[in-house]
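**Student:** Pasting a structure here, questions to come.
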Amino acid sequence: MADVAKLAGVSSQTVSRVSNGHPGVIPATRELVQAAMRELGYRPNSAARALKWGSFHTIGVILFSLANVGNSKTLEGIAAEATARGYGITLIPVAMPTEAAVIGAFGRLEELAVDAVIVIMEIHLLDAATVGLPPGAPVVVADSNAGDRYPVVDTDQSTGGRLAVEHLLSLGHETVWHVAGPEESFASERRLAAWREALAEAGRPVPEILRGDWSAESGYAAGQRLLQEDSVTAVFVANDQMALGLMNALHEGGRRVPEDVSVVGFDDLPDSAAYLPPLTTVHQDFAEVGRLCVANALDQVENGISEPGVTLVPTRLVVRKSTAAPPRRD
């Protein structure tokens, strides 16, 4: 630090303020100090800084799978917001969705220099009695029903599912079939419950539930099953990837989308507008979920207050060309 101060022609205290992101530094002076840091290859010592300021400026993120599009998009939002606030992230992936693996991931947090923890967990292991987060650690959970114990940030899954069903019924479809995600997924179960409730409230028959595992392959298998049902005219699929597989199966089976069968997905992935036909879907704001997770975690760090409860990020229906009125029956 003394070498940086000498090269930049400033005091060591000024170098310290620049290193720690203190706002009370003139921009020209900050640039001068940062240029000296780059020239000398100086990097602030995070451990020493944490001892002095009580903060590592790092957030730990536990998640089960980066293969899950929702998880990866939420992680992108967390990383972007953390970076904007001057924080880094430490990623702790859990390879297997087992109770022991979850406990092991939580245990590792005690060995890592993090100021707060964000848990992206959509399966029920967080409810296991033997699973507990480190006491005293600021924690935010994404996509869980743990709002009675932790601050939770989630997409408004129920409203999104209802919007999908009501859209299809408004086009004149007698009922709506549903391809749900895995039973262990909170998001899947909330979307399924919304589908069932919307049909019941409209006085429409509730068809058999089909299930997939979020993959296009499982959606394709569900589509093959639906080809056996001549009465199917509308399907609400729990995510866009399964909707893609389902539409491929319908196409191969000679059922046109949307002329014969209307399809609505959930997520509004960037590629969904390029499906053939472009997919009507429920938009999730993954970036906002990530932003709110970071904002909540850092609010706990700065103010020391953790209030259990659920913050819902709104969903909206994006209507494209995969939905239309049902075909006329002779």
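The values are calculated or read from the model by the stated rules, or taken from the named source; none is laboratory data. Computed from a predicted model, the values in this text were never measured in an experiment. Please note: Cβ atoms are built from the backbone with ideal geometry, for glycine as well, and neighbour counts cover all protein chains shown. What goes into the accessible areas is simple: the full protein's heavy atoms, side chains included, and nothing from ligands, DNA or RNA. Shrake-Rupley method; radii C 1.70, N 1.55, O 1.52, S 1.80 Å.
**Student:** The conditions are (1) touching a Ser or Thr at 6+ places or on another chain (Cβ under 8 Å); (2) open to solvent by 50 Å² or more (accessible area, probe 1.4 Å); (3) at pLDDT below 90, and Ala95 fails exactly one of them. Which is it?
**Tutor:** (1)
**Student:** Please state which one of Trp214, Trp177 is under 19 Å from Leu269 (Cα atoms), open to solvent by 10 Å² or more (accessible area, probe 1.4 Å) and of a type outside the set (Val, Ile, Thr).
**Tutor:** Result of the check over Trp214, Trp177: Trp214.
**Student:** Of all residues in the stretch 237-265, which are part of a strand (DSSP E or B) and either out of contact with any His (no Cβ under 9 Å at 6 or more places or on another chain) or open to solvent by 30 Å² or more (accessible area, probe 1.4 Å) (or both)?
**Tutor:** Val263, Gly265
**Student:** When both residues are 6+ apart or on different chains and their Cβ atoms are under 6 Å apart, which pairs have a first residue that lies in the stretch 138-165 and is farther than 21 Å from Arg291 by Cα and open to solvent by less than 30 Å² (accessible area, probe 1.4 Å), and a second that is part of a helix (DSSP H, G or I) and at pLDDT 95 or above?
**Tutor:** Once the first residue is farther than 21 Å from Arg291 by Cα and open to solvent by less than 30 Å² (accessible area, probe 1.4 Å) and sits in the stretch 138-165, its partners that are part of a helix (DSSP H, G or I) and at pLDDT 95 or above give Gly161/Arg191; Gly161/Ala194; Gly161/Trp195; Val165/Trp195; Val165/Ala198.
**Student:** I would also like to ask the following. Quick one: would you say Pro278 is at pLDDT below 95, within 24 Å of Thr159 (Cβ to Cβ) and open to solvent by 20 Å² or more (accessible area, probe 1.4 Å)?
**Tutor:** So Pro278 fails the test.
**Student:** So, in the stretch 212-271, of the ones that are of a type in the set (Asp, Glu) and farther than 18 Å from Val319 by Cα, which residue ends up nearest to the chain's Cα centre (by Cα)?
**Tutor:** In this case the residue turns out to be Asp213.
**Student:** Might you check whether a residue that is in a helix (DSSP H, G or I), aliphatic (A, V, I, L, M) and open to solvent by 30 Å² or more (accessible area, probe 1.4 Å) occurs anywhere in the stretch 189-196?
**Tutor:** yes
**Student:** While we're on this one: Return yes when Asp330 is part of a loop (DSSP other than H, G, I, E, B), out of contact with any helix residue (DSSP H, G or I) (no Cβ under 6 Å at 6 or more places or on another chain), modelled with pLDDT under 95 and charged (D, E, K, R) and no when it is not.
**Tutor:** Against the criterion (part of a loop (DSSP other than H, G, I, E, B), out of contact with any helix residue (DSSP H, G or I) (no Cβ under 6 Å at 6 or more places or on another chain), modelled with pLDDT under 95 and charged (D, E, K, R)), Asp330 qualifies.
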